[in-house]
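Engineer: I have a structure I would like to understand better, so I am pasting it below and will then ask my questions one at a time.
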Amino acid sequence: VSNVLMCADMRWSDGMPVFRSGCEMRLFDFIMLRAGVSSEPVFAAGLGFALFGIAVDYGVAFHPSLGMTHVVSAEYAIAFSSKSAGTTGYVP
């Protein structure tokens, strides 16, 4: 499925392994739905929009001791051209 991204990782925290995994589903090429879990324990969910070089993301994490944490980010991609390489792209 080309519109779904899944990832997982493990890291060490205070000598103990912490496992994390997440999934992103792209809708309509400009809306992304996200969800993730961690063994710490944390559950997270989010929503992102990306259109015309502008991206806005919202996420919320749920922790049993800390409660809910909200995160909002915005990004603007600047177009550039490299005549020597003959390529065009974006700088995040």
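Engineer: On a 1.4 Å probe surface of the protein chains, which of L27, L66 comes out largest in accessible area, and what is the full order?
Structural biologist: L66, L27
Engineer: Full extension from V60 to S21: what is 0.36 nm times the residue separation minus their Cα-Cα distance, to one decimal in nm?
Structural biologist: 12.5 nm
Engineer: With the Cα gyration tensor of the chain giving a ≥ b ≥ c as the square roots of its eigenvalues, does the rule (a/c under 1.5 for rounded; else a/b larger than b/c for prolate; else oblate) give rounded, prolate or oblate? Please list the in-between numbers first.
Structural biologist: Details: a/c = 2.26, a/b = 1.86, b/c = 1.22.
Prolate.
Engineer: Ok, one more. Give the carbon-plus-sulfur fraction of the accessible surface of the chain in %, rounded to a whole number; probe 1.4 Å, heavy atoms of protein chains only. Show your work: numbers first, answer last.
Structural biologist: Details: 4730 of 7000 Å².
Solvent-exposed carbon and sulfur of the chain make up 68 percent of the total.
Engineer: Shifting gears a bit: Could you report the chain's accessible area per residue, 1.4 Å probe, as an integer in Å²?
Structural biologist: Accessible area per residue, the chain: 76 Å².
The values are calculated or read from the model by the stated rules, or taken from the named source; none is laboratory data. Keep in mind it's a predicted model, so treat the numbers as computed, not measured. Ligands, DNA and RNA are stripped out before the accessible areas are found, and what is left, the full protein with its side chains, is counted by its heavy atoms. Shrake-Rupley method; radii C 1.70, N 1.55, O 1.52, S 1.80 Å.
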